[in-house]
Amino acid sequence: MSSITTETIARKIETQLEATVPAIADESHLHAGHAGAREGSHFRVVVVSPKFAGLSMVKQHRLVYEILADEMQSGIHALALQTFTPEQWSKRSE
């Protein structure tokens with residue numbers, strides 16, 4: 001069983017990317033019986049960070065993966081990301 005929690009993920013991203021994490025969900029229960037699935041291993045995360053400015057989506061995702069490298073090796077099986085700059089995020093709600 002994994003000890004990775006939504007709080008652990010959010011705290012690391014918020015601290016290292018000066019980010020807000022407006023949505024994070026543990027979707028592990030949706031993958032019961034899936035090969036490699038285990039509790040606490042499938043997450044969906046929305047990240048808003050000023051550090052994403054000027055970066056492609058691939059580079060934004062790589063930043064998040066670097067921050068969560070230990071968790072990716074020891075407990076996260078799948079990570080679905082949506083990344084936005086603050087400007088992109090604010091335009092979504094207009």
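The values are calculated or read from the model by the stated rules, or taken from the named source; none is laboratory data. Just so it is clear, the structure is predicted and the values come from calculations on it, not from any experiment. For neighbour counting, all protein chains shown are included, and Cβ atoms are generated from backbone atoms with ideal geometry for every residue, glycine included. Areas reflect the complete protein model, heavy atoms only, side chains present, ligands, DNA and RNA absent. Shrake-Rupley method; radii C 1.70, N 1.55, O 1.52, S 1.80 Å.
Computed per residue of the chain from DSSP H runs no shorter than four, each worth -39500 (n - 2.57), the mean residue ellipticity at 222 nm is -11000 deg cm²/dmol.
Add +1 for every Lys or Arg and -1 for every Asp or Glu among the other residues with Cβ under 12 Å from the Cβ of Gln60, and state the total. For residues surrounding Gln60, the net value is +2. Put Glu14, Glu7, Glu71 in order of accessible area, highest first, and with a 1.4 Å probe you get Glu7, Glu14, Glu71. How much of Thr15 can a 1.4 Å solvent probe reach, expressed as accessible area in Å² and rounded to 10? My reading of the accessible area for Thr15 is about 100 Å². Were the residues from Ser74 through Thr5 laid out at 0.36 nm apart, the gain over their Cα-Cα distance would be 23.6 nm.
Along its principal axes, the chain has C-alpha extents of 39, 27, 22 angstrom, given from the largest down. Count the DSSP beta bridges whose two residues both fall in the chain, then state the antiparallel fraction as a percent rounded to the nearest 5. Expressed as a percentage, antiparallel bridges in the chain total about 40. Computed from Cα positions, the angle between helix 57-67 and the longest principal axis of the chain comes to roughly 60 degrees. Solvent-accessible surface of the chain, taken per residue with a 1.4 Å probe and all protein chains present: 60 Å².
Note on exposure: His42, His29 ranked by accessible area (1.4 Å probe, complete protein assembly) read His29, His42, with the most exposed listed first. Using 0.36 nm per residue and subtracting the Cα-Cα separation, the extra length available between Arg62 and Gln82 on full extension is 6.0 nm.
Neighbours of Phe84 by Cβ distance under 10 Å: Lys/Arg scored +1, Asp/Glu scored -1, total +1. Taking the 1.4 Å solvent-accessible surface of the chain as the whole, the part contributed by carbon and sulfur is 52%.
Taking segment 68-94 and a reference point 7 angstrom along Cα→Cβ of Ala53, the backbone N atoms nearer than 12 Å belong to 85-88.
Using Cβ point charges alone (K and R +1, D and E -1), the dipole size of the chain about the Cα centre works out to roughly 240 debye.
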